[in-house]
Amino acid sequence: MALQIQALGKEDISEATRLHLRAFATDPLVNAIYPGAAESPNWLQHISTSIKTGQADPSQHLMKVTLPEDGQLMGIGQWEGCSRYISSPPSTPKPPPNGANIALVTAYRKQRSEKRAAIMGDRPHYSDLALLATESTYRRQGVARTLVEWGTDRASAEGVEAYLEAGPAALPFYFEMDFHKVDTMAVAGMDPGEDRVQNEIYCLLWRPQTISSK
């Protein structure tokens with residue numbers, strides 16, 4: 001099947017928001033941060049606002065994959081072009097939605113910031129896969145691969161590395177896409193679950209053949 005990838009438009013926000021909600025409805029981290037996220041209008045609004053903010057930021061690229069015959073949304077991805085990472089938080093961080101576990105959100109943001117600064121701090125520029133979500137009925141049909149390859153092709157052309165954070169279930173896919181694990185982060189304050197890895201986030205890096213010195 002020939003897949004089409006293009007920029008996510010303003011007319012796609014509502015559908016993309018609901019796809020995002022469905023894709024992460026059972027995600028352990030999402031449900032730890034926001035218990036009952038799948039049923040909450042506050043969480044839905046939080047997703048919608050995040051997508052709109054990303055569309056308004058020229059350093060971010062929100063992409064969609066659609067069915068060629070009817071334009072049905074199959075998956076979405078968000079790639080960010082990052083300049084040198086600064087570990088200090090922004091002066092006005094985006095507040096979590098009402099009902100969120102504030103203590104966990106605060107600790108997780110700090111933990112992510114410090115971990116990424118330790119890994120990427122000496123890079124003048126790199127790409128970051130901030131979001132990847134596929135509609136369940138279209139999984140294993142090349143949707144996620146298309147969205148990831150769009151970003152790594154762009155990173156390769158610019159001679160920069162690509163970074164992402166993922167849960168344990170996604171590791172086999174990203175390893176197939178030539179990402180390599182560079183570190184692991186256990187989310188502080190989150191239940192590790194029976195398998196003892198539910199709270200683990202893996203820091204992955206993709207490297208182009210040639211890295212730009214600029």
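Check which residues have an amide H placed less than 5 Å from Gln141's amide H, if you skip close sequence neighbours.
Result for Gln141 returns nothing.
Pick from Gly75, Gly151, Gly189: which is most flexible by mean-square fluctuation in a GNM of the chain where alpha carbon atoms under 10 Å apart are linked?
Gly189
Can you work out ³J(HN,Hα) from phi for every residue in the range 44-53, in order, using Karplus 6.51 cos²θ - 1.76 cosθ + 1.60 and θ = phi - 60°, giving whole Hz and x for Gly and Pro?
4, 5, 4, 5, 4, 5, 5, 5, 4, 4
222 nm [θ] for the chain, helices only, -39500 (n - 2.57) per DSSP H run of 4+, per residue, to 500?
So the calculated ellipticity at 222 nm is -11000 deg cm²/dmol.
Per residue of the range 201-206, in order, report the coupling 6.51 cos²θ - 1.76 cosθ + 1.60 (Karplus, θ = phi - 60°) as ³J(HN,Hα) in whole Hz, putting x for Gly and Pro.
10, 9, 8, 10, 9, 10
What are the residues whose amide H is under 5 Å from the amide H of Gly75, where those residues sit 5 or more places off or on another chain and H is modelled from the backbone?
Result for Gly75 returns Val65, Glu135.
Let me have the relative contact order for the chain, percent, based on Cα pairs under 8 Å that are six or more residues apart.
It rounds to 20 percent for the chain.
Please state, to two decimals, what the Cα-based radius of gyration of the chain comes to when divided by 2.2 N^0.38 Å (N = residues).
1.00
Return the single residue from Glu176, Glu80, Glu114 with maximal mean-square fluctuation; model: Gaussian network over the chain, springs between Cα atoms under 10 Å.
Of Glu176, Glu80, Glu114, the most mobile in the Gaussian network model is Glu176.
Could you pull out every residue, at least 5 positions away or on a different chain, whose amide H is within less than 5 Å of the one on Val160? Hs are placed 1.01 Å off N in the peptide plane, and Pro or chain starts have none.
When sequence neighbours closer than 5 places are left aside, the close amide H contacts are Ser212.
When ranked by the protection proxy of mean other Cβ atoms within 10 Å per residue, highest first, what sequence do the peptides 129-138, 98-107 form?
Ranked from most to least packed, the peptides come out as 129-138, 98-107.
Calculate, in nm to one decimal, what Gln45 and Thr210 gain on full extension: separation in residues at 0.36 nm each, minus their alpha carbon distance.
Stretched out fully, the Gln45 to Thr210 stretch lengthens by 55.3 nm.
Counting other beta carbons within 10 Å of each Cβ, put Trp150, Trp43 in order, fewest first.
Starting with the residue having the fewest Cβ neighbours, the order is Trp150, Trp43.
I'd like the distance separating the alpha-carbon centroids of the range 158-191 and the range 1-48, in whole Å.
20
In sequence order, what are the phi-derived ³J(HN,Hα) couplings for the range 119-134 according to the Karplus relation 6.51 cos²θ - 1.76 cosθ + 1.60 with θ = phi - 60°, rounded to whole Hz, with x for glycine and proline?
For the range 119-134, the Karplus curve yields 7, 10, x, 9, 8, x, 6, 7, 9, 10, 7, 8, 8, 8, 9, 10 Hz.
Would you order Val187, Val197, Val148 from fewest to most other beta-carbon atoms within 10 Å of each residue's own beta-carbon?
Listing Val187, Val197, Val148 from fewest to most nearby Cβ atoms yields Val197, Val187, Val148.
Values quoted throughout were computed directly from the atomic coordinates according to the rules given, and no laboratory measurement underlies them. Since we're looking at a predicted model, the values are computed, not measured. Counting neighbours? That spans all protein chains shown, and the Cβs are built from the backbone with ideal geometry, glycine included.
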